[in-house]
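Everything below concerns the one structure shown next.
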Amino acid sequence: MSQQKEHDDGDTERWKERGVMLRVFVYVFATHLFAGFVWLLFHVGQHAPK
């Protein structure tokens, strides 16, 4: 029974680690997307007819 418990704990930890890595990837991707959008706004604003 204890081996099954240890196996379950390892799976749980692996899923937690995978979830954290996925969350980091999504946050980094979303941050870069937002920064690119802000950069685009400045770029378009700078080249707008005045």
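The values are calculated or read from the model by the stated rules, or taken from the named source; none is laboratory data. Predicted model only: the values in this text are computed from it and were never measured. Areas reflect the complete protein model, heavy atoms only, side chains present, ligands, DNA and RNA absent. Shrake-Rupley method; radii C 1.70, N 1.55, O 1.52, S 1.80 Å.
Structure above, values below:
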{"quantity": "Whole-percent carbon and sulfur share, accessible surface of the chain, 1.4 Å", "calculated": "69"}
{"quantity": "Heavy-atom accessible area per residue - the chain, 1.4 Å, Å²", "calculated": "103"}
{"quantity": "Helix 2-46 vs. the chain, principal-axis angle (Cα, 0 to 90°, nearest 10)", "calculated": "0"}
{"quantity": "Options (i) 69; (ii) 79; (iii) 27 - which one matches volume of the Cα convex hull per residue in Å³ as calculated here", "calculated": "(iii)"}
{"quantity": "Gained length - V28 relative to H43, 0.36 nm times residue gap less alpha-carbon distance", "calculated": "3.2 nm"}
